[in-house]
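S.K.: Sharing a structure, written as structure tokens. Questions coming.
The values are calculated or read from the model by the stated rules, or taken from the named source; none is laboratory data. All values reported here derive from a predicted model rather than from experimental measurement. Reconstructed Cβ throughout: ideal geometry from the backbone, glycine too, with neighbour counts over all protein chains shown. Heavy atoms of the whole protein, side chains included, go into the accessibility calculation; ligands, DNA and RNA do not. Shrake-Rupley method; radii C 1.70, N 1.55, O 1.52, S 1.80 Å.
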Amino acid sequence: MKKVVIVTGASRGIGRKIAIELAKEDYIVVANYNKSEEQAQKLKQENDNIEIYKADVSKREEVRKMIEFVINKYKKIDVVINNAGISESSLFIDATDSIWEKMINNNLYSAYCVTQEALPIMLHRKKGCIINISSVWGMVGGACETIYSIAKAGMDGMTKALAKELGPSNIRVNSIAPGIIDTDMNKNLTEEEINRIKEEIPLERIGKTSDIAKCIKWLIEDEYTTGQIISINGGWVIV
Ligand code: NAP
């Protein structure tokens, strides 16, 4: 049977492209979304092999129901891609507890919840692949995006620790840490700001969602990579 892949936050941007590319390759894709109902419906209509599921992945109960739905329907989960996320720019000094909760819940708690709920079936089958979409800011820190950076560094910490814990169960855990990718997340940047960033990138362009999808495909089929933070950033950040 085809591999069953859950992609969180797949109504737009990187997650949407991942879902489309995997569906073309004969995976069964469960594309999770929250607010973008119309885009999600369109994704399903335009692509065979894509099922959509509405859940706010920052809420345990909604995640539990989503995982139950997938297991009832397909009897297994081969791959979880924790892609859902939000970003917001502000000075750390101005941050409030509600901003903290929003950023941590949507970016980090969501990945913790989805992974935890999907794990029993992976452990039972002694097989699985978990991919966390973190960020270069988790690696090197982004000014005015401190809480986002904390959440993404947390995801990378989870990747490393879980890779050790789950390796003996044949479950691989990796992060993909994108640089700047052309999606709604960066629509607030002016053309001038984008051009300034491009000048700092050795490959002289910002990333495309397809750059991330290509790596996802490879990582799913690979068998010996685990605990790694793979940063796709055009050379913008080299550590
Ligand atoms: P995007 O275009 O803004 O899309 C975000 C997606 O996440 C949407 O599909 C949204 O779904 C979903 N989402 C957010 N909160 C959710 C929740 N609680 N439950 C379910 N879905 C939720 O962003 P993107 O650029 O594709 O970002 C995807 C991931 O890559 C994020 O984790 C982001 O932090 C990371 N990343 C992006 C960049 C970049 O430059 N774009 C760089 C580094 C890392 P709805 O609209 O349906 O709510």
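S.K.: Rg and Dmax in Å for the chain, alpha carbons only: what are they?
M.R.: 17.0, 52
S.K.: Which cross-chain or sequence-distant (5 or more) residues have an amide H under 5 Å from the amide H of Ala177, H modelled 1.01 Å from N in plane?
M.R.: Amide H to amide H, under 5 Å and 5 or more residues apart or across chains, Ala177 pairs with Ser134, Ile230, Ser231, Ile232.
S.K.: In square angstrom, rounded to the nearest 10, how much accessible surface does Glu25 have for a 1.4 Å probe?
M.R.: Looks like 100 Å² after rounding.
S.K.: Could you go through region 130-146 in sequence order and give the Karplus-derived ³J(HN,Hα) for each residue, using 6.51 cos²θ - 1.76 cosθ + 1.60 with θ = phi - 60°, rounded to whole Hz, and x for Gly and Pro?
M.R.: Using θ = phi - 60°, the values come out as 10, 10, 9, 8, 9, 5, 4, 5, x, 8, 10, x, x, 4, 6, 9, 5 Hz.
S.K.: A further question follows. Report Met1's accessible area, 1.4 Å probe, all protein chains in place, as a number in Å² to the nearest 10.
M.R.: So the heavy atoms of Met1 present about 150 Å² to solvent.
S.K.: Quick one: what are the phi-derived ³J(HN,Hα) couplings along region 206-215, Karplus 6.51/-1.76/1.60 with θ = phi - 60°, whole Hz, x for glycine and proline?
M.R.: 7, x, 10, 4, 5, 4, 6, 4, 4, 5
S.K.: Students often forget the sequence filter, so: which lysines lie under 18 Å Cα-Cα from Lys198 once same-chain residues fewer than 8 apart are removed?
M.R.: Lys187, Lys208
S.K.: Next question, about the same structure. At a probe size of 1.4 Å, how large is the accessible area of Leu189, to the nearest 10 Å²?
M.R.: Surface open to solvent at Leu189 totals about 50 Å².
S.K.: Tyr53's amide H: which non-local residues (gap 5+, or another chain) put their own amide H closer than 5 Å, with H modeled 1.01 Å from N in plane and none for Pro or chain starts?
M.R.: When sequence neighbours closer than 5 places are left aside, the close amide H contacts are Ala31, Asn32, Tyr33.
S.K.: For helix 110-125, what angle does its Cα long axis make with the longest principal axis of the chain, in degrees from 0 to 90 and rounded to 10?
M.R.: 30
S.K.: Under the 0.36 nm per residue contour assumption, what length would be gained going from the current alpha-carbon distance of Glu204 and Ile93 to full extension?
M.R.: Details: separation 111, 0.36 × 111 = 39.96 nm, distance 3.34 nm.
So the extension gain works out to 36.6 nm.
S.K.: Here's another thing I want to ask about it. Could you give me the ³J(HN,Hα) list for region 174-190, computed from phi with Karplus coefficients 6.51, -1.76, 1.60 and θ = phi - 60°, whole Hz, x at Gly and Pro?
M.R.: Along region 174-190, the couplings run 9, 10, 10, 10, x, x, 8, 10, 6, 9, 3, 4, 10, 5, 7, 7, 7 Hz.
S.K.: Counting other Cβ atoms within 10 Å of each Cβ, which trypsin sites (Lys or Arg not before Pro) in region 122-208 have at most 10 and sit in a DSSP loop? Display every interim value, and only then the final one.
M.R.: On the way: sites: Arg125, Lys126, Lys127, Lys152, Lys160, Lys164, Arg172, Lys187, Arg196, Lys198, Arg205, Lys208; in loops: Lys126, Lys127, Lys187, Arg205, Lys208.
Answer in residue order: Lys126, Lys187.
S.K.: Taking amide H positions as placed 1.01 Å from N in the peptide plane, with prolines and chain starts having none, which residues 5 or more places from Gly227, or on another chain, fall under 5 Å of its amide H?
M.R.: When sequence neighbours closer than 5 places are left aside, the close amide H contacts are Val173, Asn174.
S.K.: Expressed as an acute angle from 0 to 90° and rounded to the nearest 10, what is the orientation of the C-alpha long axis of helix 37-46 relative to the principal long axis of the chain?
M.R.: Here the helix axis deviates by roughly 60 degrees.
S.K.: Using Cα pairs closer than 8 Å and at least 6 residues apart in sequence, work out the relative contact order for the chain, in percent. Provide the component values of the computation, followed by the final result.
M.R.: Details: 451 pairs, mean separation 44.4, N = 239.
Contact order relative to length: 19 percent.
S.K.: Still on this structure: Under the rule of -39500 (n - 2.57) per DSSP H run of 4 or more residues, summed and divided by the residues of the chain, what mean residue ellipticity at 222 nm is obtained, to the nearest 500 deg cm²/dmol?
M.R.: On the way: 9 runs with 110 residues, N = 239.
When only DSSP H runs of four or more count, the value is -14500 deg cm²/dmol.
S.K.: Lysines within cross-link reach of Lys75: Cα-Cα under 24 Å, excluding same-chain residues under 8 positions apart?
M.R.: Correct list for Lys75: Lys2, Lys3, Lys24, Lys44, Lys54, Lys59, Lys65, Lys126, Lys127, Lys217.
S.K.: Leaving ligands, DNA and RNA out of it, report the carbon-plus-sulfur percent of the accessible area of the chain at a 1.4 Å probe. Numbers along the way, then the final one.
M.R.: On the way: 6040 of 11970 Å².
Answer for the chain: carbon and sulfur cover 50 percent of the accessible area.
S.K.: Could I ask something else about it? For Asp184 and Cys144, what does the FRET efficiency come to when R0 = 25 Å and r is the distance between their Cβ atoms, rounded to the nearest 0.05?
M.R.: Details: r = 19 Å, r/R0 = 0.75.
According to the calculation, E is roughly 0.85.
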